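Here's the structure, in structure tokens; my notes come after.
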Amino acid sequence: MHLLVVCTANIARSPLADAMLSASLEPHGVEVLSAGTQAIEGYPAAELTQKMAAQRGLDLSEHRSQVVTASLVSDASLVVTMSQRHRDRCAPLSAGAGSHVFTLRELVRLLRAADLDDPPAQVTDRIPWMVDRAHRARPSASPAAAPEDVHDPIRDPEPAWVQMAGMLDQLCGELVEALDVAPGWDPPPAMAEDPRVPEGRTAGRRRRPRWTRGSTR
């Protein structure tokens with residue numbers, strides 16, 4: 001089983017989200033990959049992305065960019081993208097993929113509204129179960145108040161990268177805790193309040209899991 005994380009060039013946002021999710025889920029038999037809709041093959045992660053990763057105990061020195069393909073999308077149990085544009089580029093690549101392609105922010109919003117009672121015991125079973133619940137919540141969940149994107153800091157100064165990383169701390173943290181898995185990275189202890197984190201939450205602050213049955217902590 002694998003998850004796919006997608007951004008534009010696969011050098012800034014998606015490698016960091018990939019590293020966070022990999023550190024959390026690979027011990028439970030879940031492979032995490034990343035790719036870009038306009039990636040050039042073989043580039044390393046951006047220097048500031050590597051810095052954000054290192055601050056969290058993650059190593060991106062071996063990362064190399066790759067372009068998203070139909071097979072990567074169709075083979076993934078879940079595709080999370082950094083923007084609505086990426087989502088809309090990925091979903092048509094494989095028949096039926098729309099049901100398991102979400103922006104990261106969209107997925108977290110839907111999981112808050114989804115019926116997550118009585119989950120499977122194993123993480124590898126829990127992921128497709130969770131994806132199905134999130135997809136079913138799409139018609140009834142409250143709509144997003146703003147575009148559900150994670151800002152691309154590629155042309156911005158370092159504070160924008162710090163803010164991007166803080167948002168990924170929060171969103172990836174909520175995703176892995178929805179799976180009842182402990183986050184596998186350590187956010188910096190003092191993160192500034194990020195106004196773009198959903199519901200005004202503080203980047204890096206963790207909520208309690210929504211279930212405990214079959215806990216993998």
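Here are the numbers:
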| read-out | value |
| --- | --- |
| Qualifying residue in segment 145-166 (condition: within 16 Å of residue 51 (Cβ to Cβ), in contact with a Leu (Cβ under 7 Å, 6 or more places away or on another chain), surrounded by 13 or more Cβ atoms within 10 Å (Cβ to Cβ) and at pLDDT 90 or above) | yes |
| Complete set of residues in segment 61-78 that are within 30 Å of residue 157 (Cβ to Cβ) and crowded, with 20+ Cβ neighbours inside 10 Å | 63, 65, 68 |
| Leading residue by the ranking (nearest to the chain's Cα centre (by Cα)) among those in segment 131-182 that are farther than 14 Å from residue 108 by Cβ and of a type in the set (S, T, N, Q) | 163 |
| Which listed residue, of 36, 96, is out of contact with any helix residue (DSSP H, G or I) (no Cβ under 6 Å at 6 or more places or on another chain), surrounded by 24 or more Cβ atoms within 10 Å (Cβ to Cβ) and without any contact (Cβ under 8 Å) to a residue 60 or more places away in the chain | 36 |
| Residue that is farthest from the chain's Cα centre (by Cα), among those in segment 104-130 that are of a type in the set (Val, Ile, Thr) and either under 16 Å from residue 80 (Cβ atoms) or surrounded by 17 or more Cβ atoms within 10 Å (Cβ to Cβ) (or both) | 123 |
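The values are calculated or read from the model by the stated rules, or taken from the named source; none is laboratory data. Predicted, not measured: the structure shown is a model, and the values here were computed from it. All Cβ positions, glycine included, derive from the backbone under ideal geometry; neighbour counts span all protein chains shown.
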